[in-house]
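Engineer: Got a structure for you, written out below as structure tokens; questions coming shortly.
The values are calculated or read from the model by the stated rules, or taken from the named source; none is laboratory data. What you see is a predicted model; the values in this text were computed from it and never measured. Neighbour counts are summed over all protein chains in view; Cβ atoms, including those assigned to glycine, are modelled from backbone coordinates with ideal geometry. In case anyone asks, the SASA skips ligands and DNA or RNA and just uses the protein heavy atoms, side chains included. Shrake-Rupley method; radii C 1.70, N 1.55, O 1.52, S 1.80 Å.
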Amino acid sequence: MTLAQERTLASKVRADFPILHQEIHGKPLIYLDNAATSQKPLAVLNALEDYYRGYNANVHRGVHTLSARATDAYEAARDKVQRFVNAARREEIIYTRNATEAINLVAYAWGNANVQAGDEIILSVMEHHSNLIPWQLLAQRTGAILKFVSLTETEEFDLAHYKSLLSERTKLVAVVHVSNTLGCINPVQEITTLAHQVGAKVLIDACQSVPHMAVDVQAIGCDWLVASGHKMCAPTGIGFLYGKLEVLRAMPPFLGGGEMIADVFLDHSTYADVPHKFEAGTPAIAEAIALGAAVDYLMAIGMDTIHAYEAELTTYLFQRLAELPEVRTYGPKPDANGEGRAALAAFTTGAVHPHDLSTILDQEGIAIRAGHHCTQPLHRLVKAQSTARASLYFYNTREEIDGFIAALKQAIDFFGGIFG
Ligand SMILES: *Cc1c(COP(=O)(O)O)cnc(C)c1O
């Protein structure tokens, strides 16, 4: 992508995000906390408003016109998500509140029925707490054993160590696709193939991959894949679980209630087929429809275009960070083409505590994250109590990276001057 093409893309998309055009403490907002949540384009905001103004009604229940319109839009959004991740069938997409709920769904519904004492579950040390605690709870319920894939010297997924952990005792492998802290992109296809060779199931946490690159569940071959809408331009309160049809059909229900049944008697019930078996109660209708609008929006730009643009930004971000010798980044460095890692940088600076840094940068209108980013075990492992993190999306620009680096340099110089 040439610089001119980049500028055109950024200026075109920025007009779609009203929130980006404001000042914070008198400075233009520079939003660099996209790994926590993304901003929402007008198309998504309009989808929410259109539903509530025009056809708010419950889905799958009424035969009246509004209910039929709501149901059509809700189910059409499922088709969009199906195409977005290239699932073979629309029934393989289950709406959830977020990725966390999707993982818990699998841990309870599949885990309780299939995992026994002594079974092994392989995770990695870089997992988000959402892909750790549900498995800790399952292990506590069942007596299963958790095993953790360690990091290589470049702070990436250690494939050799993973291979050494796999055995016929392995029941499940649950790993993150793109780390929200290290930014590394894990070889999920190979991870899946190897797990299947020992008869284990595979769950992929795709929270940080699906917003930024084309993800194909059939190419990966995983049994489940989870993501949150709010990190891919959709509202909060909606996410999805992809599962292979035969795997989902074999799973007992998770939550019981309306919508998920076939026939109900006082003492027992039969259940609807997937996806409805896993969508008990009135769902987040507006949010699901808006997730469909977000998918339309992303696909109209093109996931490959988004990925290519973000690779350029990644190159530039790491180039600029390298000018500051005090800054230590985590995870692999991008290659010459900006590939090999995500468009985010978790870092420490020595002199300035990440929380202080985040507060100082906020005074300049710059939003970055400070803390453990829900990867506390990983932070312990790399001996950082907390890190600062700047995470980019396709609406960020080189000028914003310049603004961030200038403010960062100023903060380091200031604190270095006092304490150095
Ligand atoms: C954000 C995130 C989650 C959790 O997402 P929720 O929307 O909070 O459920 C899980 N894994 C990764 C890698 C994430 O970045």
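Engineer: If you scan region 70-116, which residues turn out to be touching a Cys at 6+ places or on another chain (Cβ under 9 Å) and either outside the structural domain of MET232 (by TED's automatic domain parsing) or charged (D, E, K, R) (or both)?
Structural biologist: The answer is none; no residue qualifies.
Engineer: Could you identify the single residue in CYS233, CYS222 that is free of Cβ contacts under 8 Å to residues at least 40 places away in the same chain and open to solvent by less than 10 Å² (accessible area, probe 1.4 Å)?
Structural biologist: Details: CYS233 fails: free of Cβ contacts under 8 Å to residues at least 40 places away in the same chain.
Residue meeting the stated conditions: CYS222.
Engineer: Return the pairs, sorted by first residue and then second, in which the second residue is among the basic types (Lys, Arg) and surrounded by 13 or more Cβ atoms within 10 Å (Cβ to Cβ), the first residue lies in region 51-69 and is without any contact (Cβ under 8 Å) to a residue 60 or more places away in the chain and part of a helix (DSSP H, G or I), the beta carbons are less than 9 Å apart, and the residues are 6+ apart or on different chains.
Structural biologist: Listed by first residue and then by second, the contacts come to GLY54/ARG69; TYR55/ARG69; SER67/ARG61.
Engineer: Can you confirm whether ILE238 is β-branched (Val, Ile, Thr), free of Cβ contacts under 8 Å to residues at least 60 places away in the same chain and within 13 Å of the ligand (Cβ to nearest atom)? So that I can check it myself, show each step before the final result.
Structural biologist: Working: β-branched (Val, Ile, Thr): yes; free of Cβ contacts under 8 Å to residues at least 60 places away in the same chain: no; within 13 Å of the ligand (Cβ to nearest atom): yes.
So ILE238 fails the test.
Engineer: Still on this model: Where in region 127-234 are there helices (runs of 4 or more DSSP H), lying fully within it, with 2 or more residues that are hydroxyl-bearing (Ser, Thr, Tyr) and away from the ligand (no atom under 12 Å from the Cβ)? Break it down into steps so the answer makes sense when it comes.
Structural biologist: Values: elements: 133-142, 159-165, 188-197, 217-220.
By residue number, 159-165, 188-197.
Engineer: Got a sec? Which of GLU190, GLU127 is farther than 16 Å from ALA107 by Cβ and assigned by TED's automatic domain parsing to the domain that holds VAL215?
Structural biologist: Just a single option satisfies the conditions, and that option is GLU190.
Engineer: With ILE133, ILE94, ILE185, ILE103 as the choices, which residue is closer than 30 Å to TYR393 by Cβ, of a type in the set (A, V, I, L, M, F, W, C) and free of Cβ contacts under 8 Å to residues at least 12 places away in the same chain?
Structural biologist: Step by step, each of ILE133, ILE94, ILE185, ILE103 is checked, and only ILE133 is closer than 30 Å to TYR393 by Cβ, of a type in the set (A, V, I, L, M, F, W, C) and free of Cβ contacts under 8 Å to residues at least 12 places away in the same chain.
Engineer: If you take the residues in region 105-119 that are of a type in the set (A, V, I, L, M) and assigned to a loop (DSSP other than H, G, I, E, B), which one is nearest to the chain's Cα centre (by Cα)?
Structural biologist: VAL115
Engineer: So, in region 251-309, how many residues would count as being open to solvent by 50 Å² or more (accessible area, probe 1.4 Å), without any contact (Cβ under 8 Å) to a residue 24 or more places away in the chain and touching a strand residue (DSSP E or B) at 6+ places or on another chain (Cβ under 9 Å)?
Structural biologist: Residues flagged as open to solvent by 50 Å² or more (accessible area, probe 1.4 Å), without any contact (Cβ under 8 Å) to a residue 24 or more places away in the chain and touching a strand residue (DSSP E or B) at 6+ places or on another chain (Cβ under 9 Å) within region 251-309 amount to 6.
Engineer: Kindly provide the set of residues from region 2-34 that are at pLDDT below 95 and open to solvent by 50 Å² or more (accessible area, probe 1.4 Å), ordered by number.
Structural biologist: THR2, LEU3, ALA4, GLN5, ARG7, THR8, SER11, LYS12
Engineer: What is the residue count in region 331-348 for residues that are in contact (Cβ under 8 Å) with a residue 60 or more places away in the chain and buried (at least 21 other Cβ atoms within 10 Å of the Cβ)?
Structural biologist: Within region 331-348, residues that are in contact (Cβ under 8 Å) with a residue 60 or more places away in the chain and buried (at least 21 other Cβ atoms within 10 Å of the Cβ) number 7.
Engineer: Same structure again: Mind checking which residues of region 42-59 are over 29 Å from the mean Cα position of the chain (by Cα) and surrounded by 16 or more Cβ atoms within 10 Å (Cβ to Cβ)?
Structural biologist: Those that are over 29 Å from the mean Cα position of the chain (by Cα) and surrounded by 16 or more Cβ atoms within 10 Å (Cβ to Cβ): TYR55, ALA57.
Engineer: Give just the number: which of (1) open to solvent by 30 Å² or more (accessible area, probe 1.4 Å); (2) not in a loop (DSSP other than H, G, I, E, B); (3) not polar (S, T, N, Q) does LEU248 not satisfy?
Structural biologist: For LEU248, the failing item is (1).
Engineer: Of ALA77, ALA102, which residue is within 16 Å of the ligand (Cβ to nearest atom), not in a strand (DSSP E or B) and not acidic (Asp, Glu)?
Structural biologist: Only one candidate passes the filter, namely ALA102.
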